[in-house]
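Peer 1: A single structure is presented below for examination.
The values are calculated or read from the model by the stated rules, or taken from the named source; none is laboratory data. Everything numeric here is computed off the predicted structure, so don't read it as measured data. For neighbour counting, all protein chains shown are included, and Cβ atoms are generated from backbone atoms with ideal geometry for every residue, glycine included.
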């Protein structure tokens with residue numbers, strides 16, 4: 001079916017109902033191994049159990065979400081009837097639904113489990129940066145790197161402190177318009193494949209500044225970020 005971004009999604013019609021079947025292409029992203037996907041589904045299942053509106057996951061006889069089928073890794077959800085915000089302009093009502101949905105998710109304070117900071121921009125050992133400054137010296141990018149060493153160190157410490165004090169929570173981390181469906185019952189958020197640990201404030205900031213089209217529409221009704229908007233982005 002159309003709309004799949006990085007993995008193949010097919011619609012399966014059976015006597016039991018209609019389902020969305022995602023077939024993962026393991027060659028597309030080495031970081032999304034099976035263990036990472038399992039950690040992501042733990043967060044998805046916890047959000048679903050807490051009552052957040054998501055496509056209902058279908059478990060196998062062993063209560064597993066990810067299943068091997070003919071050497072492929074697949075997962076199944078019940079089909080959701082709705083429309084993507086990509087197909088229409090964002091409005092105040094939709095922005096309120098997204099904000100409320102994110103607030104409910106963040107209030108759960110879901111643990112990141114074994115994932116920890118997995119998936120955030122990698123926190124490097126600042127000692128490596130210091131060694132690189134010494135090796136490069138005053139050649140090439142050495143002076144610029146020496147100037148940047150102090151803010152790099154402070155940024156690393158900030159992220160590490162956030163992880164220790166519980167600011168990092170298990171969350172969706174990928175709330176693009178293509179991953180949201182507006183249904184008759186309200187907003188349903190799908191595609192939890194990269195769910196993991198992130199700062200709630202950073203997720204809100206990124207979602208609020210993420211453009212949908214050339215006119216700058218987005219899920220929260222914001223505008224594309226400019227040099228005056230202090231928003232950090234996960235790559």
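Peer 1: For the range 44-58, which residues satisfy the criterion of being farther than 17 Å from residue 24 by Cβ and in contact with a strand residue (DSSP E or B) (Cβ under 9 Å, 6 or more places away or on another chain)?
Peer 2: Across the range 44-58, the qualifying residues are 45, 46, 47, 48, 52, 53, 54, 56.
Peer 1: Specify the residue that is farthest from residue 14 (Cα to Cα); the eligible residues are those in the range 53-73 that are at pLDDT 90 or above and crowded, with 18+ Cβ neighbours inside 10 Å.
Peer 2: Only one residue fits best here, namely 53.
Peer 1: Go through the range 10-40 and give me each residue that's touching a strand residue (DSSP E or B) at 6+ places or on another chain (Cβ under 8 Å), within 28 Å of residue 104 (Cα to Cα) and at pLDDT below 90.
Peer 2: Passing the criteria: 32, 34, 36, 37, 39, 40.
Peer 1: Checking residue 77 against (1) buried (at least 17 other Cβ atoms within 10 Å of the Cβ); (2) farther than 30 Å from residue 60 by Cβ; (3) modelled with pLDDT of 80 or more; (4) within 19 Å of the chain's Cα centre (by Cα), only one condition comes out false. Which one?
Peer 2: So the condition that residue 77 fails would be (2).
Peer 1: Let me ask you something else. Could you grab the pairs with beta carbons closer than 8 Å, sequence gap of 6+ or different chains, first residue in the range 158-186 and under 21 Å from residue 38 (Cα atoms), second one in a helix (DSSP H, G or I) and at pLDDT below 70?
Peer 2: 168/162; 170/113; 170/115
Peer 1: Exactly one of (1) within 12 Å of the chain's Cα centre (by Cα); (2) modelled with pLDDT under 80; (3) within 21 Å of residue 54 (Cβ to Cβ) is unmet by residue 196. Its number?
Peer 2: (2)
Peer 1: For the range 97-132: of the residues being modelled with pLDDT of 80 or more and surrounded by fewer than 16 Cβ atoms within 10 Å (Cβ to Cβ), which is nearest to residue 202 (Cα to Cα)?
Peer 2: 103
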